[in-house]
1. Pull up the stretch A:29-46, narrow it to residues that are more than 8 Å from DNA strand D (Cβ to nearest atom) and either in contact (Cβ under 8 Å) with a residue 24 or more places away in the chain or outside any helix (DSSP H, G or I) (or both), then point me to the one that is surrounded by the fewest Cβ atoms within 10 Å (Cβ to Cβ).
2. Of everything in the stretch B:60-78 that's within 14 Å of chain A (Cβ to nearest Cβ) and within 16 Å of DNA strand C (Cβ to nearest atom), which residue is surrounded by the fewest Cβ atoms within 10 Å (Cβ to Cβ)?
3. Within the stretch A:167-192, work out how many residues are among the small types (Gly, Ala, Ser), within 10 Å of chain B (Cβ to nearest Cβ) and touching a residue at least 12 places away in the same chain (Cβ under 8 Å).
4. Yes or no: the stretch A:144-151 includes at least one residue that is of a type outside the set (A, V, I, L, M) and farther than 21 Å from B:Asp200 by Cβ.
5. Would you say A:Val54 is within 16 Å of DNA strand C (Cβ to nearest atom), surrounded by 13 or more Cβ atoms within 10 Å (Cβ to Cβ), in contact (Cβ under 8 Å) with a residue 12 or more places away in the chain and assigned to a loop (DSSP other than H, G, I, E, B)?
6. Which one is surrounded by the fewest Cβ atoms within 10 Å (Cβ to Cβ) among residues in the stretch B:79-110 that are facing chain A (nearest Cβ under 9 Å) and more than 16 Å from B:Tyr145 (Cβ to Cβ)?
7. So which of B:Ala49, B:Ala64 is within 16 Å of DNA strand D (Cβ to nearest atom) and without any contact (Cβ under 8 Å) to a residue 60 or more places away in the chain?
8. So for the stretch A:153-160 (the condition being in a helix (DSSP H, G or I), within 27 Å of B:Val132 (Cα to Cα), modelled with pLDDT under 95 and not hydroxyl-bearing (Ser, Thr, Tyr)), does at least one residue qualify?
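The values are calculated or read from the model by the stated rules, or taken from the named source; none is laboratory data. Note that the structure is predicted; figures quoted are calculated from it, not measured. When we count neighbours, we look across all protein chains shown, and the Cβ atoms used for this are built from the backbone with ideal geometry, even at glycine.
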There are 2 protein chains.
Amino acid sequence: MRKASRLGKRNSLSRDQIIEAAISILDESGKGGLTFQALATRLATGAGAIYWHVENKDDLLISACDVVIQRTLHSVVERPTPEETIRAVGLALFDCIDTHPWMGTVLAQTPGKMPMVRILELIGQQVRVIGVVEEWAAVSALLSYILGVAGQNAANAQFARKHGLDRSRFLGEVADVWACLDATAFPFVSSISCKLAEHDDRADFLAGIDLLIRAMLPVKR
Amino acid sequence: MRKASRLGKRNSLSRDQIIEAAISILDESGKGGLTFQALATRLATGAGAIYWHVENKDDLLISACDVVIQRTLHSVVERPTPEETIRAVGLALFDCIDTHPWMGTVLAQTPGKMPMVRILELIGQQVRVIGVVEEWAAVSALLSYILGVAGQNAANAQFARKHGLDRSRFLGEVADVWACLDATAFPFVSSISCKLAEHDDRADFLAGIDLLIRAMLPVKR
DNA sequence: ACCTGAACACCGTTCAAGT
DNA sequence: ACCTGAACACCGTTCAAGT
């Protein structure tokens with residue numbers, strides 16, 4: 001009943017199709033929702049078929065992550081100064097992981113793999129343009145910071161989803177717990193618990209990036 | 001055959017015993033090695049018994065993490081200046097996660113829970129002593145950076161273990177892959193691939209901490 | 001070359017039954 | 001109150017058999 005066109009193989013499974021379907025499922029139902037069974041059902045095929053195009057689940061996750069990272073980084077336009085470009089890259093990544101929380105875990109757990117290499121490359125190029133003396137220290141600090149924030153944010157989102165809360169309700173619950181801590185043992189945390197709900201993760205993130213950029217520039221003035 | 005002493009319940013299972021056994025298993029065989037079955041065998045009991053003392057696996061992981069974090073932070077002695085104390089806390093955490101790689105994942109994925117609160121508290125207190133203007137920005141940047149680096153390092157260690165490599169062999173393999181990248185598309189990454197094997201994660205980490213601390217201090221001189 | 005789908009090994013969690 | 005261990009649901013991966 002099937003017609004396989006000569007060069008298109010239009011009806012058969014392709015690696016790209018699989019990855020695209022995986023991204024959809026991950027976006028819809030998180031990392032826990034991506035199952036070979038669910039994927040097979042969506043692709044109208046058997047679970048085993050996927051293994052012909054993909055090595056295993058790790059391979060699939062990394063590839064899905066890489067596709068999204070490529071698109072995200074590609075959308076960042078170069079700014080007048082390298083500092084501003086770094087900010088733009090950071091913000092793009094922040095927003096990207098905010099809308100695809102599953103990427104936080106994947107990115108943080110696949111050291112040296114392509115998605116991370118792309119980020120490293122872009123930041124490294126900009127830092128090199130600035131001409132920082134301790135180049136590697138600056139680049140690795142920026143990368144770690146970005147991945148750290150992204151991971152935290154993703155964890156928040158995933159936890160909130162798991163328990164059926166939205167972001168502000170979730171922060172509210174954390175603030176409540178923190179407010180109940182012993183103020184003698186935890187003076188700092190209990191003092192900021194009330195400010196937790198109203199703070200802006202995105203602004204905080206940018207402030208951190210600026211802190212790091214400022215620190216690596218030669219002392220001005 | 002068993003004697004249960006009146007107040008000790010010496011022979012019965014306790015939550016602390018379970019957590020301690022879990023830490024041992026995690027240290028020996030990583031996150032993948034911690035199974036309710038393995039845990040039950042080590043404790044000479046049934047898998048179901050553990051659920052009487054522990055809510056679920058997440059609860060167990062967080063508690064295990066918290067115990068180790070508590071010990072680690074407790075071992076840090078206060079230094080003459082808050083800057084030095086922050087460095088000491090950072091280093092202690094770095095070394096801690098280096099020897100207990102499983103903690104990287106747990107810490108990064110349990111936002112607002114006790115282990116993170118303890119770290120936040122300690123850093124927050126020191127930053128408050130310094131009297132930084134943008135207090136929260138500084139604290140959250142430090143925390144994210146520390147968790148980010150720790151997570152990366154843990155991921156390295158876990159990946160290396162999974163594939164039966166030691167650290168330097170693992171870095172060597174990553175360097176090889178990076179060196180094969182197209183130098184036109186990835187000029188930065190391929191240029192640093194040769195330096196990858198010889199760099200010192202711990203020193204890089206400290207450099208990043210110093211960068212952040214320097215940035216939050218008022219401009220000197 | 002590529003797909004099917006049953007089978008396997010494994011794992012977190014539950015629960016009726018015990019003490 | 002606390003433990004036992006079989007049972008359940010689920011999931012990644014494999015593989016003999018198909019086309």
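1. Residue satisfying both the conditions and the ranking: A:Ala44.
2. Filtering the stretch B:60-78 for residues that are within 14 Å of chain A (Cβ to nearest Cβ) and within 16 Å of DNA strand C (Cβ to nearest atom), the one surrounded by the fewest Cβ atoms within 10 Å (Cβ to Cβ) comes out as B:Ile62.
3. From the stretch A:167-192, those among the small types (Gly, Ala, Ser) are A:168, A:172, A:175, A:179, A:183, A:185, A:190-191; that's our starting set.
With the extra rule that they be within 10 Å of chain B (Cβ to nearest Cβ), the set shrinks to A:175, A:185, A:190-191.
Among the residues that remain, those that are also touching a residue at least 12 places away in the same chain (Cβ under 8 Å) are: A:175, A:190.
Qualifying residue count, the stretch A:167-192: 2.
4. Of the stretch A:144-151, the ones of a type outside the set (A, V, I, L, M) are A:144-145, A:148, A:151.
Still in the list and also farther than 21 Å from B:Asp200 by Cβ: A:151.
There is at least one residue in the stretch A:144-151 that is of a type outside the set (A, V, I, L, M) and farther than 21 Å from B:Asp200 by Cβ.
5. Working: within 16 Å of DNA strand C (Cβ to nearest atom): yes; surrounded by 13 or more Cβ atoms within 10 Å (Cβ to Cβ): yes; in contact (Cβ under 8 Å) with a residue 12 or more places away in the chain: yes; assigned to a loop (DSSP other than H, G, I, E, B): yes.
Yes; evaluated as a whole, the condition is true for this residue.
6. So in the stretch B:79-110, the residues facing chain A (nearest Cβ under 9 Å) come out as B:104-105, B:108-110.
Of the ones still in play, those that are also more than 16 Å from B:Tyr145 (Cβ to Cβ) are B:105, B:109-110.
Numbers: B:Thr105: 23, B:Gln109: 22, B:Thr110: 18.
In this case the residue turns out to be B:Thr110.
7. Details: B:Ala64 fails: within 16 Å of DNA strand D (Cβ to nearest atom).
Criteria check complete, one pass: B:Ala49.
8. So in the stretch A:153-160, the residues in a helix (DSSP H, G or I) come out as A:153-160.
Now drop any that are not within 27 Å of B:Val132 (Cα to Cα), which leaves A:153, A:156.
Retained after the next criterion (residues that are modelled with pLDDT under 95): A:153, A:156.
Restricting the remaining residues to those that are not hydroxyl-bearing (Ser, Thr, Tyr) gives A:153, A:156.
The answer is yes; a qualifying residue exists.
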